[in-house]
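S.K.: The structure's right below; bear with me while I get my questions together.
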Amino acid sequence: MSFDLSVISSKNIILAVTGGIAAYKSAIIVRRLKDYGFDVRVVMTHGAQAFITPLTFQALSGNPVHTELLNPEAEAGMGHIELARWADLILVAPASCDSIAKFAAGLADDLLSTLYLATKAPVWIAPAMNQQMWAAKATQRNLNTLVDDGVHVIMPDAGSQACGDVGLGRMPEPEDIAYQVMQYFHKAQRAIAEKFGQLAGQRVVITAGPTREAIDPVRYISNHSTGKMGFSIAAACYAAGAQVTLLAGPVSLDTPNGVRRINVSSALQMLDQSMLQLEAGCDIFIATAAVADYRVAEVAEHKIKKSGDELAISLVKNPDIVATIAEQQKRPFMVGFAAETRNVEAYAAAKLVAKKLDMIACNDVSRPDIGFASDQNAMTVFFADQYQLDKRDLEKASKQDIAQQLVEAIHDARLQHQPAGRNAHLDVSALDT
Ligand code: C5P
């Protein structure tokens, strides 16, 4: 599964390290959080510095490490109140018995306990301690207080401990802790998108990639489509709050986070799945797939053996998926794509009409710098006449960026609330579509 990490790039994490042997694992937490794109600042208690040095965290986080409350120099840089405001989340890992007790009691006699009181950000703690200390009534009482106060507790694992004991109290693996933090921001982002996103609550179906038309059990006809544009659009629709189903031809791409993927192979399978999705409920249908125009008339049951100098394979036309869906009575908002090598805009505009689409995005695949396998694209978007929207040129940009702009175009057109597929006044008679 691939995550859109752009959500993360503006988020600030304070990782607070307290005194316990698990402090060495916190170095890995910083690494992982940085890999995800978070800005990380580390706060260390005096106890933590007995286990690991501030220099380690400074090097890994790329930021100065904060250790003192009453240090004029540190306060002149980023004072404790400023630091508390800077954080989008405070993660205390490992959280010692002592730090938990201080939080529960509301003490403010060092930098970390003061930050805890001064922040509005969510506080997560990953307790790590000897199993007997974990089980102690006072610790459990303090933990309950913190849970009541809204602190999120990452429960310790059971297992053998550094002190030789066996039981609950080990800090979970640092990679898992960092992953949970990343997921938290994604979920928060999702909740906002589902309410306020440009496609909030919309059910979107996207076809992507090539199709594969079998010749015999081992051979097929296909094309060079990589599916990148369709997968980027799926991610952008999900980020805009939609429920996304991706009908993917054979491609080697990770499924975007949150997207439901159904793998298909041939054009007929893609059409069957498209019809099923339409029945299940679909508001917007986006056809990015490079569907094979023809399939083999009769697929050989066994591998075709080499024989004469020539071999003729008879092909029959595949159904046009996007046009078939557009013909249905309960048709969704229809978006098509056109890849052309000449007369790009004229052909695309004609396809908009011929296939009864609401919107079409076209690109010039004769340009070597964009299209198919490239990570970049440039497109022109046309809307059916009744939307009364001017064509839009999407300048060369990453496929993610183009996908985002396409979502905006869909949103703008849908705001018009116009029926589609009729009254498009274009003279298409001279064009061979
Ligand atoms: O006619 P052409 O293949 O150029 O049209 C491209 C558009 O039609 C794309 O949106 C493509 O996904 C869709 N299409 C389809 N089924 C086909 C052929 C194309 O859905 N058999």
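S.K.: For the chain, what is the calculated [θ] at 222 nm in deg cm²/dmol (nearest 500), taking -39500 (n - 2.57) for each run of four or more DSSP H residues and dividing by its residue count?
M.R.: -11000 deg cm²/dmol
S.K.: Would you mind classifying the range 47-182 by shape? Square roots of the alpha carbon gyration tensor eigenvalues, ordered a ≥ b ≥ c; an a/c under 1.5 is rounded, otherwise it is prolate if a/b is larger than b/c and oblate if not.
M.R.: Cα axes put the range 47-182 in the prolate bin.
S.K.: Send over a whole-number figure in Å² for the accessible area per residue of the chain, probe 1.4 Å.
M.R.: Here the per-residue accessible area is 49 Å².
S.K.: Shape call for the chain from the C-alpha gyration tensor, a ≥ b ≥ c root eigenvalues: rounded (a/c under 1.5), prolate (a/b greater than b/c) or oblate?
M.R.: prolate
S.K.: Hey, another quick one. Choose one answer from His80, His186, His302: the residue with the largest mean-square fluctuation in a GNM of the chain with alpha-carbon springs under 10 Å.
M.R.: Per the Cα network of the chain with a 10 Å cutoff, His302 tops the list.
S.K.: Using the crude model of +1 on Lys and Arg Cβ and -1 on Asp and Glu Cβ, and no other charge, please compute the dipole size for the range 169-208 relative to its Cα centre, in debye to 20.
M.R.: 240
S.K.: For Gln140 and Glu408, compute 0.36 nm times the residue count separating them, minus their Cα-Cα distance, and round to one decimal in nm.
M.R.: This chain segment gains 91.4 nm when fully extended.
S.K.: Let me ask something additional. Given a cut-off of 31 Å, what percent of all Cα-Cα pairs of the range 198-417 lie beyond it?
M.R.: Here the long-distance tail beyond 31 Å is 19 percent of all Cα pairs in the range 198-417.
S.K.: Given a 10 angstrom Cα cut-off, can you work out which residue in Gln405, Gln132, Gln269 is the most mobile in a GNM of the chain?
M.R.: Of Gln405, Gln132, Gln269, the Gaussian network model singles out Gln132 as fluctuating most.
S.K.: Keeping the other protein chains in place, figure out the carbon and sulfur percent of the accessible area of the chain, with a 1.4 Å probe.
M.R.: Looking at the chain in its full context, I get 50 percent from C and S.
S.K.: If you don't mind, another one. Kindly flag which residue pairs out of Lys303/Lys330; Lys303/Lys356; Lys34/Lys399 have an alpha-carbon separation exceeding 31 Å in this structure.
M.R.: Checking Cα-Cα distances, Lys303/Lys330; Lys303/Lys356 exceed 31 Å.
S.K.: Still on this structure, I have one more. Name the residue, out of Met155, Met379, Met270, whose mean-square fluctuation peaks in a Gaussian network model built on the chain with Cα pairs under 10 Å.
M.R.: Comparing Met155, Met379, Met270 in the GNM, the peak value goes to Met155.
S.K.: Calculate, in nm to one decimal, what Arg85 and Glu68 gain on full extension: separation in residues at 0.36 nm each, minus their alpha carbon distance.
M.R.: 4.4 nm
S.K.: Right, next: So, with +1 on the Cβ of K and R and -1 on the Cβ of D and E, and no other charges, what is the size of the charge dipole of the range 118-248 about its Cα centre, to the nearest 20 debye?
M.R.: So the magnitude is around 400 debye.
S.K.: How big is the charge dipole of the chain about its Cα centre, in debye rounded to the nearest 20, if each Lys and Arg gets +1 on its Cβ and each Asp and Glu gets -1 on its Cβ?
M.R.: Here the chain has a charge dipole of around 620 debye.
S.K.: Follow-up. What list of ³J(HN,Hα) couplings, whole Hz, do you get for the range 329-343 from phi and the Karplus terms 6.51, -1.76, 1.60, once you set θ to phi - 60° and write x for glycine and proline?
M.R.: 5, 8, 7, x, 5, 9, 10, x, 10, 9, 10, 10, 10, 7, 6
S.K.: Can you bin the range 304-364 into rounded, prolate or oblate? Criterion: square roots of the alpha carbon gyration tensor eigenvalues sorted a ≥ b ≥ c, rounded for a/c under 1.5, prolate for a/b above b/c, oblate for the rest.
M.R.: In terms of gyration-tensor shape, oblate.
S.K.: Quick one: go through the range 306-339 and flag any residue whose amide nitrogen is under 12 Å from the point 7 Å out along the Cα-to-Cβ line of Tyr294.
M.R.: Only 312-318 pass the distance filter.
S.K.: Moving on to the next point. Alpha carbon centre of the range 321-342 versus the range 63-124: separation in Å?
M.R.: Cα centroid to Cα centroid, the span is 56 Å.
The values are calculated or read from the model by the stated rules, or taken from the named source; none is laboratory data. Predicted, not measured: the structure shown is a model, and the values here were computed from it. Cβ atoms come from the backbone with ideal geometry, glycine included; neighbour counts cover every protein chain shown. Note: accessible area is taken over every heavy atom of the protein model, side chains too, but ligands, DNA and RNA are not part of it. Shrake-Rupley method; radii C 1.70, N 1.55, O 1.52, S 1.80 Å.
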